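The numbers here are math on the coordinates, done by the rules we state, and not lab data. Please read all numbers here as calculations on a predicted model, not as lab measurements. In this analysis, Cβ positions are derived from the backbone assuming ideal geometry, glycine residues included, and neighbour counts consider all displayed protein chains.
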Amino acid sequence: MTSSSVKISYEDVEVGTELPPQTFPVTRATLVRYAGASGDFNPIHWNEKFAREVGLPDVIAHGMFTMAEAARVVTDWVGDPGAVAEYGVRFTRPVVVPNDDQGAVIEVSGKVAAKLDDNRVRVDLTAMSAGQKVLGMARAVVRLA
């Protein structure tokens, strides 16, 4: 896909436009698959005993995994991952993933916070898990049609 496949028009978007929120389940199996894909086999992401020994409450999701799930709200909305010109977050809290049938859930919402030049908008994201904000300053700059 190229940015020309973006279906959302800059003229049709206003500051305050809300992106469709999404919920992303995270289980220990999800973390194992992500570790295999990313090469990040740090034991805090799969070994409960090790995670607790280093002061964590339990196994935690990879920060980059959490960041990527949040970005999906933007890429799904715009329809083209290539339209994302900038993306950054601050990691504020880990996503704790218990070893049960439910695991954890990451809830992500987004809102157009500013209209910029050159058909770009800034989208501010909110990512929550277990009632706590897990990403701070989560922002994407997106080029619209």
Flag for Arg72 being among the charged types (D, E, K, R) and either in a strand (DSSP E or B) or without any contact (Cβ under 8 Å) to a residue 40 or more places away in the chain (or both): no
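I need a count of the residues in the range 29-60 that are touching a His at 6+ places or on another chain (Cβ under 7 Å) and either touching a residue at least 40 places away in the same chain (Cβ under 8 Å) or more than 18 Å from Ala127 (Cβ to Cβ) (or both).
Restricting attention to the range 29-60, the residues satisfying the condition of being touching a His at 6+ places or on another chain (Cβ under 7 Å) are 31, 34-35, 38, 40, 45, 59-60.
Now restrict to residues that are either touching a residue at least 40 places away in the same chain (Cβ under 8 Å) or more than 18 Å from Ala127 (Cβ to Cβ) (or both): 31, 35, 38, 40, 59.
Result for the range 29-60: 5.
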Any chance you could count how many residues in the range 40-64 are part of a helix (DSSP H, G or I), surrounded by 18 or more Cβ atoms within 10 Å (Cβ to Cβ) and out of contact with any Asp or Glu (no Cβ under 9 Å at 6 or more places or on another chain)? 2
